[in-house]
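**Q** This is the structure I have questions about; it appears just below.
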Amino acid sequence: MNQPVALTIAGSDPSGGAGLQADLKTFHQHRVYGMSVVTLLTVQNTKSVTAVRTIEPEFVLQQLDAVLSDILPSAAKTGALGTAAIIEVIADRASRFSFPLVVDPVMISKHGIPLLDSQAVEVLIKKLLPWSMLVTPNLAEAAALAGFEVNSIESMTSAAKAIAQLGPQNVLIKGGHLPGAAIDVLWAAGELQLLRAPRVETAHTHGTGCVTSAAITAVLAQGETLHTAVHRAKKFVSAAIQTNPGLGMGFGPINLFIEP
């Protein structure tokens, strides 16, 4: 198969800046054919999230089985999964994936609304993380996974190592909420690497976590190495923030028209 294919298993953002909509746009910009499995629906725009409705786990599984039985992806990612029951059905299938899986452990929306119930974090750790090639938490998500506060490069490094002990092959902790330069910590194959980018002072950063994991997934689907995928994704997201279109009256989307 010459056409790279990527799959996102994630929630819907009707404003188009995050979730599976942002994932599919990112896949497309990387010239990767995108497929999606919907886990939850939101009522949101750049200003707020006013409602979240999860999909029945069996229906999520039916979607996943339908795409996997017809078009096998070259790589896949997860985003907002919503409940422990949804994570369990995804994890069961992930244990048999023949392609790399990137887990973006989305727990809270940009507006502070929970997108993962409290019981689901433990299931995520025990059942899904062991099947991931890479997990990509932000600072708050890294703290929830590692079990201690993450608020510095030093604690990011400690958290990355601790999360790796939970099963994922590699860990990327996104440090965008720290002051100063935007520094991410990559723990891969037992080695630490810091990825730096200039900070852009803007409120238009909606979907950056989704786009980061989607860009990594797209590059992996092209057959590139993890290090190449992470570096290219960092560059893509930084440029997308710098050239954001200024849409919306709240946390606006980044620019997903840029060339990777």
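**Q** Write down the percent of antiparallel bridges among all DSSP beta bridges whose residues are both part of the chain, to the nearest 5.
**A** Numbers: 17 of 36 bridges.
Here the antiparallel bridges make up roughly 45 percent for the chain.
**Q** Which residue, His177, His206, Gly167, has the largest displacement toward the positive end of the dipole of region 140-217 when charges sit on each Cβ (Lys, Arg +1; Asp, Glu -1)?
**A** Among His177, His206, Gly167, the one farthest towards the positive end of the dipole of region 140-217 is His206.
**Q** Separate question: Using a 1.4 angstrom probe with every protein chain in place, what is the largest-first accessible-area order of His206, His111?
**A** Ranked from most to least accessible, the order is His111, His206.
**Q** What whole number of Å gives the distance from the Cα centroid of region 220-260 to the Cα centroid of region 122-146?
**A** 22
**Q** Considering only protein heavy atoms, with the full assembly of protein chains and a 1.4 angstrom probe, order Val52, Val171 by accessible area, largest first.
**A** Order by accessible area, largest first: Val52, Val171.
**Q** Lysines near Lys25 by alpha-carbon distance under 28 Å, same-chain residues fewer than 8 away left out - which ones?
**A** Qualifying lysines at Cα under 28 Å: Lys47, Lys77, Lys110, Lys174, Lys234, Lys235.
**Q** Normalising by the residue count of region 83-207, find the relative contact order in percent from Cα pairs under 8 Å and 6+ residues apart.
**A** So the answer I get is 19 percent.
**Q** Let me ask another. Ranked from the most accessible area to the least, with a 1.4 Å probe and all protein chains present, what is the order of Phe59, Phe148? Provide the component values of the computation, followed by the final result.
**A** Values: Phe59 110, Phe148 80 Å².
Ranking Phe59, Phe148 by accessible area, largest first, yields Phe59, Phe148.
**Q** Then there's this: When N counts the residues of region 134-215, how does its alpha-carbon radius of gyration compare numerically with 2.2 N^0.38 Å, as a ratio?
**A** 1.03
**Q** Using +1 on the beta carbon of Lys and Arg, -1 on that of Asp and Glu, and nothing else charged, what's the dipole of region 1-133 about the Cα centre, debye to 20?
**A** So the magnitude is around 380 debye.
**Q** Which residues' amide hydrogens lie under 5 Å from the amide hydrogen of Ile55, considering only partners 5 or more residues apart or on another chain, with H built in the peptide plane?
**A** Leu40, Leu41
**Q** Name the helices (complete DSSP H segments) of the chain with a Cα length along the long axis of 18 Å or more and a Kyte-Doolittle mean of at least 1.6, or state none.
**A** Span-like helices, by this rule, are 208-221.
**Q** Subtracting the Cα-Cα distance from 0.36 nm times the residue separation, let me have the gained length for Leu192 to Ser152 in nm, one decimal.
**A** 12.9 nm is the gain from fully extending Leu192 to Ser152.
**Q** Give me the one-decimal nm value for the distance between modelled label points at Arg31 and Ala203, 7 Å along each residue's Cα-to-Cβ direction.
**A** Taking the simple label geometry, Arg31 and Ala203 are separated by 3.8 nm.
**Q** Just the projected area, averaged over all directions, of the convex hull on the alpha carbon atoms of region 160-260: how many nm²? The partial results should precede the final answer.
**A** Numbers: hull surface 27.3 nm².
Value for region 160-260: 6.8 nm².
**Q** For region 187-205 and region 64-118, what is the separation of their Cα centres, given in Å?
**A** Spelled out, the Cα-based centre of one part sits 23 Å from the other.
**Q** Ok, one more. What number, in percent, do you get for the relative contact order of the chain if the mean sequence gap of Cα pairs under 8 Å and at least 6 apart is divided by its residue count?
**A** Working: 578 pairs, mean separation 52.2, N = 260.
Answer for the chain is 20 percent.
**Q** Calculate the dipole size of region 149-260 relative to its Cα centre from +1 charges on Lys and Arg beta carbons and -1 charges on Asp and Glu beta carbons; express the result in debye to the nearest 20.
**A** So the dipole magnitude of region 149-260 works out to roughly 80 debye.
**Q** Could you look at region 77-153 and say what percent of its accessible area is carbon and sulfur, using a 1.4 Å probe and all protein chains? Let's see the in-between values first.
**A** Details: 1630 of 2900 Å².
In region 77-153, the share of accessible area belonging to carbon and sulfur is 56 percent.
The values are calculated or read from the model by the stated rules, or taken from the named source; none is laboratory data. Predicted, not measured: the structure shown is a model, and the values here were computed from it. Note: ideal-geometry Cβ built from the backbone for every residue, glycine included; neighbour counts use all protein chains shown. Heavy atoms of the whole protein, side chains included, go into the accessibility calculation; ligands, DNA and RNA do not. Shrake-Rupley method; radii C 1.70, N 1.55, O 1.52, S 1.80 Å.
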